[in-house]
Amino acid sequence: MAGPTPPPPEEEPSSPSLRLRCAVQHYEWGRRGEASLVARLSDANADDHGPDPARPYAELWMGTHPSAPSSLLADGLLRDWLARHPAALGPAVAARWGGDLPFLFKVLSVAKALSIQAHPDKDLAEVLHALRPATYKDGNHKPEMAIAVTEFRVLCGFAGIQELKDVLRTVPEVEDLVGPEDAAKLLSVKEYHGVNEVKSCLRSAFTKLMTASKEAVSEAITKLIFRLNAESKVRTLTEKENLVLSLEKQYPEDVGVLSAFFFNYIKLSPGEALYIGANEPHAYLSGECIECMATSDNVVRAGLTPKYRDVQTLCSMLTYKQVFPEILRGVPVQPYVRRYTPPFDEFEVDCCSLPPGELVVISPVPGPSVYLVMAGEGEIQVDSMPNGEKSKQGDVFFVPAYTEVKFSASGPECMQLYRAGVNSRFFN
């Protein structure tokens with residue numbers, strides 16, 4: 001948020017702060033009714049009678065992606081407005097990303113696990129989009145970052161070689177599906193054999209599991225659940241075993257239940273974040289988060305889903321790196337403001353927690369920003385506007401490049417804001 005003030009662009013957009021109306025996605029895995037943060041945020045500015053208690057409110061989208069584009073309250077789609085006012089993006093962003101917002105900002109409310117999935121890199125995304133445009137709706141990559149709002153549970157990346165060997169030794173149902181040859185290779189491989197040798201054994205074993213027949217998977221899961229239920233009477237099950245039992249209740253007879261043993265199981269506390277690069281396997285399991293990503297909706301799925309599965313593509317595209325994800329906790333950039341900076345040009349996220357009666361001044365940056373008021377209420381003042389504008393939970397604003405913003409908190413509670421913008425490193 002802080003930084004040197006660059007010169008203003010030559011063409012000034014017509015309106016310095018632009019309030020957005022944002023779309024909700026009602027995916028089946030979302031939390032329902034008032035229990036969903038997405039429902040509460042979207043309801044704060046709705047004219048109807050509150051969230052439908054029976055309906056899932058899974059994602060709030062803030063951005064220009066055509067699958068669920070945001071619009072200005074008084075002026076049509078944000079994307080069309082940006083086409084008429086390219087200076088709002090700043091020259092560097094407009095030049096690099098073709099006159100569009102390079103990031104998509106979201107809130108997720110997860111009741112039930114999302115699919116085992118990965119997002120393609122740019123080259124693969126272009127190929128998939130050309131081959132199957134109905135499934136892969138754009139040709140962009142989709143690196144992403146999730147910041148926990150509540151405890152947020154995730155499967156992300158492959159577990160270390162020692163943990164995978166333990167899985168093959170202690171979970172006979174997985175070992176049976178992988179098969180004796182691939183299991184033996186993975187059990188005998190040593191880290192000093194080299195990264196490529198380990199990756200090759202892992203790829204072979206994981207592909208064997210994911211491509212096993214429906215009948216074999218169903219039988220393996222039945223045996224696993226029976227065994228774990230029996231063993232739970234005489235020993236304490238591991239966290240991963242308990243997770244697998246809960247996933248099976250959500251997605252019976254799904255190979256994704258077994259694949260969970262292969263991944264790192266992570267619980268983010270509120271304020272912690274992780275980022276996910278291209279071609280890395282992951283699945284969000286439960287909780288609520290802020291998410292930011294490159295503007296794309298490309299997802300290759302292979303388990304824990306009723307949607308289209310592209311198992312061969314997923315198994316062939318993964319990096320098979322075995323690293324525990326880096327956990328970000330935000331770096332203070334000015335009083336009340338922490339910044340989350342992933343290694344991607346398209347985006348960064350700031351979190352601002354403003355105590356009642358306090359004011360924060362956000363210096364102009366050379367790119368566009370989208371602000372979400374997550375909690376509390378106060379006032380927003382943009383550039384030289386003589387008067388501030390009231391803002392409350394659920395308000396979303398687009399702020400053009402080179403624009404100073406002031407927020408003041410006026411309610412009884414802390415005002416919490418999130419800002420998505422282009423990664424500051426891009427401008428350096």
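The figures follow:
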item: Residues satisfying the stated conditions in the stretch 260-311, i.e. small (Gly, Ala, Ser), farther than 27 Å from Asp345 by Cβ and touching a Leu at 6+ places or on another chain (Cβ under 7 Å); result: Ala260, Ala302
item: Single match in Lys223, Lys240, Lys249, Lys267 (criterion: in contact with a strand residue (DSSP E or B) (Cβ under 8 Å, 6 or more places away or on another chain), more than 30 Å from Arg419 (Cα to Cα) and not small (Gly, Ala, Ser)); result: Lys240
item: Residue within the stretch 293-306 that is among the basic types (Lys, Arg) and in a strand (DSSP E or B) present; result: yes
item: Of residues in the stretch 84-94 being within 27 Å of the chain's Cα centre (by Cα) and more than 14 Å from Phe398 (Cα to Cα), the one least open to solvent (accessible area, probe 1.4 Å); result: Val93
item: Checking Leu101 against (1) under 14 Å from the mean Cα position of the chain (by Cα); (2) open to solvent by less than 30 Å² (accessible area, probe 1.4 Å), the condition it does not meet; result: (1)
item: Cβ pairs under 7 Å, 6+ apart, first in the stretch 47-75 and on the phi < 0 side of the Ramachandran plot, second at pLDDT below 90 and outside any loop (DSSP other than H, G, I, E, B); result: Pro51/Asp43; Leu72/Leu18
item: The stretch 370-422 - residue that is closer than 15 Å to Val337 by Cβ and basic (Lys, Arg) and, of those, surrounded by the fewest Cβ atoms within 10 Å (Cβ to Cβ); result: Lys406
item: Unique residue being of a type in the set (Val, Ile, Thr), assigned to a strand (DSSP E or B) and out of contact with any helix residue (DSSP H, G or I) (no Cβ under 6 Å at 6 or more places or on another chain) when the list is Val361, Val365, Val323; result: Val361
item: Candidates Leu304, Leu318, Leu328 - the one that is modelled with pLDDT under 95 and open to solvent by less than 60 Å² (accessible area, probe 1.4 Å); result: Leu304
item: Cross-chain or 6+ apart pairs with Cβ under 6 Å, the stretch 196-225 first and more than 11 Å from Asp176 (Cα to Cα), then of a type in the set (Gly, Ala, Ser) and not in a helix (DSSP H, G or I); result: Met210/Ala302
item: Filter result (within 19 Å of Ala68 (Cβ to Cβ) and open to solvent by 80 Å² or more (accessible area, probe 1.4 Å)) within the stretch 125-142; result: Ala134, Lys137
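Listed here are the residues, each with its yes/no results for (1) open to solvent by less than 30 Å² (accessible area, probe 1.4 Å); (2) of a type in the set (Asp, Glu).
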site: Glu163; (1), (2): no, yes
site: Thr170; (1), (2): no, no
site: Val174; (1), (2): yes, no
site: Gly194; (1), (2): yes, no
site: Ala205; (1), (2): yes, no
site: Leu209; (1), (2): yes, no
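The values are calculated or read from the model by the stated rules, or taken from the named source; none is laboratory data. The model shown is predicted, which means the values in this text are computed figures rather than measured ones. Quick reminder, even Gly has a Cβ in these numbers, built from the backbone with ideal geometry, and neighbours come from all protein chains shown. To get the accessible areas, we keep the full protein, side chains included, count just its heavy atoms, and leave off ligands, DNA and RNA. Shrake-Rupley method; radii C 1.70, N 1.55, O 1.52, S 1.80 Å.
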